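What follows draws every value from the coordinates through simple rules; no lab data is involved. Note that this is a predicted model, so its numbers are computed, not measured. Positions of Cβ are generated from backbone atoms using ideal geometry, with glycine treated the same way; all protein chains shown enter the neighbour counts.
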Amino acid sequence: MLGVRGELLDRALGATADLVAGTAPVLPAWKRYTGVVWAGLDPATLSAADRARVLVPSGLYGMTTAADPVADYRLKMLVSLGALGRLSTFWLPEVTAAIARRAQGRVVVDLLPAEHAHAVDMAALACSTRVIRAQFISADGRRAVGHEAKSAKGRLARTVLEGGLEALGTFRFEGWRATLEGDVLSVVAPPPEWS
């Protein structure tokens with residue numbers, strides 16, 4: 001259920017016990033969440049207003065912003081919890097509605113990993129707001145994954161937050177470049193020989 005082993009499992013079990021007991025300390029999500037995407041986003045140097053625009057689907061909370069208080073937890077969006085079923089399905093109506101409320105008059109740029117994308121009905125959302133779907137592509141045209149793609153995703157998110165969609169035309173990060181055609185944003189990795 002928690003998707004970890006060893007020391008990480010011990011930490012996750014302790015965090016879960018604190019949540020159940022109501023004693024879990026909280027931090028703003030931008031301080032709590034870590035990883036390559038968050039490092040690329042560098043939320044500590046974003047304005048408070050921009051941090052509040054970063055929406056994060058959560059297996060525990062449903063939806064948070066990067067500014068919301070979040071406890072330490074480990075709960076995958078695709079886990080199934082008895083009568084609740086799969087959390088992504090459980091949260092789907094609430095997460096979609098939360099994004100729709102926040103997106104009024106704005107554009108949504110979908111940078112979600114597959115696990116979290118299952119918690120959002122993008123087709124329903126697209127009925128009320130413009131949704132731009134980002135795809136990260138290797139130089140040979142395949143789906144790009146890994147550390148470099150995650151880092152580029154974080155930098156791209158920051159670029160959109162600070163410069164809007166207009167900034168996508170000039171997006172360059174360690175050889176990655178972005179092209180927006182309609183509602184599809186293609187973010188292409190540099191060729192392997194690029195240095």
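Here are some notes:
- Highest to lowest packing among 94-100, 158-164, 124-130, scored as the average C-beta count within 10 Å: 94-100, 158-164, 124-130
- Antiparallel DSSP beta bridges within the chain, as percent of all bridges there, nearest 5: 65
- The separation of region 1-66 from region 126-195, counted between C-alpha centres, amounts to 24 Å.
- With R₀ fixed at 25 Å, the C-beta to C-beta distance from VAL36 to VAL107 puts the FRET efficiency at about 0.50.
- Helix 147-163 axis, angle to the chain major axis (alpha carbon atoms, nearest 10°): 80
- Projecting the Cα atoms of MET122, ALA97, LEU111 onto the charge dipole of region 49-195 (Cβ charges, centred on the Cα centre) puts ALA97 farthest toward the positive pole.
- Computed from point charges on the beta carbon alone (+1 for Lys and Arg, -1 for Asp and Glu), the dipole magnitude for the chain about its Cα centre is near 140 Debye.
- Relative to its Kirkwood radius, the Cα radius of gyration of region 13-104 gives an Rg/Rh of 0.98.
- Stretch gain in nm, segment GLU162-ALA44, where the contour uses 0.36 nm per residue and the Cα spacing is subtracted: 41.1 nm
- Among (1) 39, 23, 16; (2) 34, 19, 15; (3) 29, 20, 17, the entry that matches semi-axes √(5λ) of the Cα gyration tensor in Å as calculated here: (3)
- Distance in nm between pseudo-label sites at VAL20 and ASP183 (7 Å out along the Cβ direction from Cα): 4.3
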